[in-house]
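Enquirer: Take this structure, written in structure tokens, and hold onto it; I'll ask about it next.
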Amino acid sequence: MSITTTGNLGPMILQSLAPAMLYVPTPTMNYILVTDKVSMPANGGTTCRFMRPRALVPPTIQLGNSGIDPPAQVPQRDIIDAQMAFFGTGCIINEQVILQDQEGVLAWVSERLAVAMRQAEDLILRDYVVSAASQINASGGANGDNPTNLGISDFSLVAATLDTNNAYKFMSGIEGMDRFGTGPVRSAYFMLSSTEIQTDLDALTGAGFLSQWNYPTNASALPAEFGSVLNIRILTSSEAPVSRGTSANGRDVYYNTVVGKQALTHINQDGYSMNLIYRDPYYSGMLAQNATIAVKFAQAQAITQDTAIRNLLSTRASNSNLL
């Protein structure tokens, strides 16, 4: 008996596209979260200028009855400039891909370009902070390196440093509740750290680290928030800066940026924060064969309060490879 099978009479097309696209691993973008946002007006020049008055000395000495005026104070101010810069990337797509492809290539390429642009905003801020902010080496850990792994005393030191500089905290505290396993959360600065140090943070549970899961309420917790230590709430990302093999003992060094309000400012160009540009193949050349799709944007950044930001440099307790 002859049986017709797919071996000799198969379907005309052997593939079927799944109804949903697979997700693209995308890091959390934490640096943009903690910035002040300013727009540079159109036709406003190339530089955004910030002015900060300096404090005057409080008058604590009595005038007395001599009739003599105390010495006059001279008002002073600090000027901080941030120059606008332009960035962009794009793709060239042959018209035959657009004509014959079944999964809507322009749609998902547009989406990926938009995500790449948002990542670029964050990475530019990250690299700027690493180069411009003051640094403190962790010394409270027990791995014998310089800097050491993070210890509770390191969190206390950097929070006390910002407090002494009269920095503003981002978050008010969370009052304790009668819920099993939870604890109150102090008013806090943010620390932007690498996901690679999460194991070290977990090791501090019971010694000062409180997991985000153990907050009395998660209403004010951010998606990237891993937990808190003393007056610092920690946001982690896989793209936080790491300097490979540069500690005294050859360990990776992690830049944990602790930041208060108004320490860092992100400036976009009015009407130019993102431009998605599509050019039909008609405009590409003599035979109109290639379309282009691109994004470009303008931004600047500035540390507008350098006393309210510190890079806390640390290593990990273990030097095992996470990759």
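Where a number appears in this text, it was derived from the coordinates with a stated rule and is not lab data. If you're wondering where the values come from, they're calculated on a predicted model, not measured in any experiment. Quick reminder, even Gly has a Cβ in these numbers, built from the backbone with ideal geometry, and neighbours come from all protein chains shown.
Enquirer: I'm told Thr89 meets every condition in (1) touching a strand residue (DSSP E or B) at 6+ places or on another chain (Cβ under 6 Å); (2) in a strand (DSSP E or B) except one. Can you identify the failing condition by its number?
Expert: Thr89 satisfies every listed condition except (1).
Enquirer: Of everything in the range 222-249, what is farther than 18 Å from Tyr168 by Cβ, more than 13 Å from the chain's Cα centre (by Cα) and touching a residue at least 12 places away in the same chain (Cβ under 8 Å)? Give them in sequence order.
Expert: Passing the criteria: Phe226, Gly227, Val229, Val242, Ser243, Ser247, Ala248, Asn249.
Enquirer: Can you name the residue in the range 13-44 that is part of a loop (DSSP other than H, G, I, E, B) and small (Gly, Ala, Ser) and is also farthest from Ala167 (Cα to Cα) among such residues?
Expert: Ser16
Enquirer: Given the condition in a loop (DSSP other than H, G, I, E, B), crowded, with 16+ Cβ neighbours inside 10 Å and touching a residue at least 60 places away in the same chain (Cβ under 8 Å), answer yes or no: does some residue in the range 287-296 qualify?
Expert: no
Enquirer: Do you know which residues across the range 154-169 are within 13 Å of Met191 (Cβ to Cβ) and either exposed (fewer than 13 other Cβ atoms within 10 Å of the Cβ) or in contact with a Cys (Cβ under 7 Å, 6 or more places away or on another chain) (or both)?
Expert: Answer for the range 154-169, where residues must be within 13 Å of Met191 (Cβ to Cβ) and either exposed (fewer than 13 other Cβ atoms within 10 Å of the Cβ) or in contact with a Cys (Cβ under 7 Å, 6 or more places away or on another chain) (or both): there is none.
Enquirer: I've got another one for you. Taking only the range 98-119 into account, find how many residues are in contact (Cβ under 8 Å) with a residue 60 or more places away in the chain and either under 25 Å from the mean Cα position of the chain (by Cα) or exposed (fewer than 13 other Cβ atoms within 10 Å of the Cβ) (or both).
Expert: Looking only at that region, the number is 13.
Enquirer: Quick one: would you say Thr182 is farther than 21 Å from Arg310 by Cα, assigned to a helix (DSSP H, G or I) and among the polar types (S, T, N, Q)?
Expert: No; evaluated as a whole, the condition is false for this residue.
Okay, residues lined up against (1) outside any loop (DSSP other than H, G, I, E, B); (2) within 23 Å of Leu125 (Cβ to Cβ); (3) small (Gly, Ala, Ser); (4) touching a helix residue (DSSP H, G or I) at 6+ places or on another chain (Cβ under 7 Å):
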site: Asp202; (1), (2), (3), (4): yes, no, no, no
site: Trp213; (1), (2), (3), (4): yes, no, no, no
site: Ala219; (1), (2), (3), (4): no, no, yes, no
site: Phe226; (1), (2), (3), (4): yes, yes, no, yes
site: Ile234; (1), (2), (3), (4): yes, yes, no, yes
site: Asn249; (1), (2), (3), (4): no, no, no, no
site: Asn256; (1), (2), (3), (4): yes, yes, no, no
site: Ser273; (1), (2), (3), (4): no, yes, yes, no
site: Tyr278; (1), (2), (3), (4): yes, no, no, no
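Enquirer: With respect to Gly140, is the statement that it is at positive phi and of a type outside the set (Phe, Trp, Tyr) true?
Expert: no
Enquirer: Does Leu312 meet the test of being out of contact with any Pro (no Cβ under 8 Å at 6 or more places or on another chain), outside any helix (DSSP H, G or I) and without any contact (Cβ under 8 Å) to a residue 24 or more places away in the chain?
Expert: Considered against the rule, which asks whether it is out of contact with any Pro (no Cβ under 8 Å at 6 or more places or on another chain), outside any helix (DSSP H, G or I) and without any contact (Cβ under 8 Å) to a residue 24 or more places away in the chain, Leu312 comes out as no.
Enquirer: Looking at (1) touching a Phe, Trp or Tyr at 6+ places or on another chain (Cβ under 9 Å); (2) in a strand (DSSP E or B), find the lone condition where Ser110 falls short.
Expert: (2)
Enquirer: Restricted to the range 231-282, and to residues that are more than 27 Å from Ala85 (Cα to Cα) and aromatic (Phe, Trp, Tyr), which residue is surrounded by the most Cβ atoms within 10 Å (Cβ to Cβ)?
Expert: Taking the candidates together, the pick is Tyr254.
Enquirer: Test Ser134 against the stated conditions and say whether it is over 24 Å from Ser273 (Cβ atoms) and not basic (Lys, Arg).
Expert: For Ser134, the condition - over 24 Å from Ser273 (Cβ atoms) and not basic (Lys, Arg) - is met.
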